[in-house]
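The values are calculated or read from the model by the stated rules, or taken from the named source; none is laboratory data. None of these values were measured; they are calculated from a predicted model. Cβ coordinates were reconstructed from backbone atoms using ideal geometry, including for glycine residues, and neighbour counts include every protein chain displayed.
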Amino acid sequence: MKEGLKRFSDLLSVEYKKMEEKNEDAQLQYAKVMFSQIFKYLAKESKENEDFDKALMQEHKTPARLYQYLEKEVKKRSPQGVRYACVPDDEVFDLISEYVFLDDKAEIEAEEKKKLEEAKRKEERMKNTPVPKKQEKKKKVGNLVEETSGQLSLF
């Protein structure tokens, strides 16, 4: 097995294990069926094209991002308002090749940087937000209300 294909296979195994841990059986079965066809295509292309295999070696090329890319591109090409679309295999395989050779590293790094900045801002807001003080609870005793401060009230 080529290096790029092996790396992609290992990443896919990790994704499957995450789904198993979360007990997402239906999604796991769907992913296995879908990615079995995709993996066959990746294996064929990796054997035939050395550049394809090298492109799969890129750190930011993952099964999850491949799926997101496919989903985004199919939505772009389908009529608006359509939730599901049937796409012929050859079009899907063309999109996969497009994704593999797509130079999207800068875009992904920018997204990750943005997420880190948002997390930092959220953390700053949490630090700067004062913790609300707990209000004294009032206990009802018959018609009287007893406050924890020690005062009695007849009303």
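A few comments on the model shown:
- Residues of the stretch 101-142 satisfying the condition of being touching a His at 6+ places or on another chain (Cβ under 6 Å) and at pLDDT 85 or above: none
- Where helices (runs of 4 or more DSSP H) sit wholly within the stretch 48-122, those with at least 1 residues that are in contact with a Gly (Cβ under 6 Å, 6 or more places away or on another chain) and closer than 24 Å to SER13 by Cβ occupy 50-56.
- Matching option when the condition is modelled with pLDDT of 85 or more, closer than 25 Å to GLU112 by Cα, among the polar types (S, T, N, Q) and exposed (fewer than 14 other Cβ atoms within 10 Å of the Cβ), among GLN68, GLN58: GLN68
- Any hit, the stretch 80-87, residues being touching a helix residue (DSSP H, G or I) at 6+ places or on another chain (Cβ under 9 Å) and among the charged types (D, E, K, R): no
- Residue within the stretch 74-91 that is touching a residue at least 24 places away in the same chain (Cβ under 8 Å) and either under 22 Å from GLU107 (Cβ atoms) or exposed (fewer than 15 other Cβ atoms within 10 Å of the Cβ) (or both) present: yes
- Count of the stretch 15-47 residues which are at pLDDT below 85, part of a helix (DSSP H, G or I), out of contact with any Pro (no Cβ under 6 Å at 6 or more places or on another chain) and surrounded by 13 or more Cβ atoms within 10 Å (Cβ to Cβ): 7
- Tally, over the stretch 41-70, of residues that are of a type in the set (Ser, Thr, Tyr) and under 16 Å from GLU107 (Cβ atoms): 2
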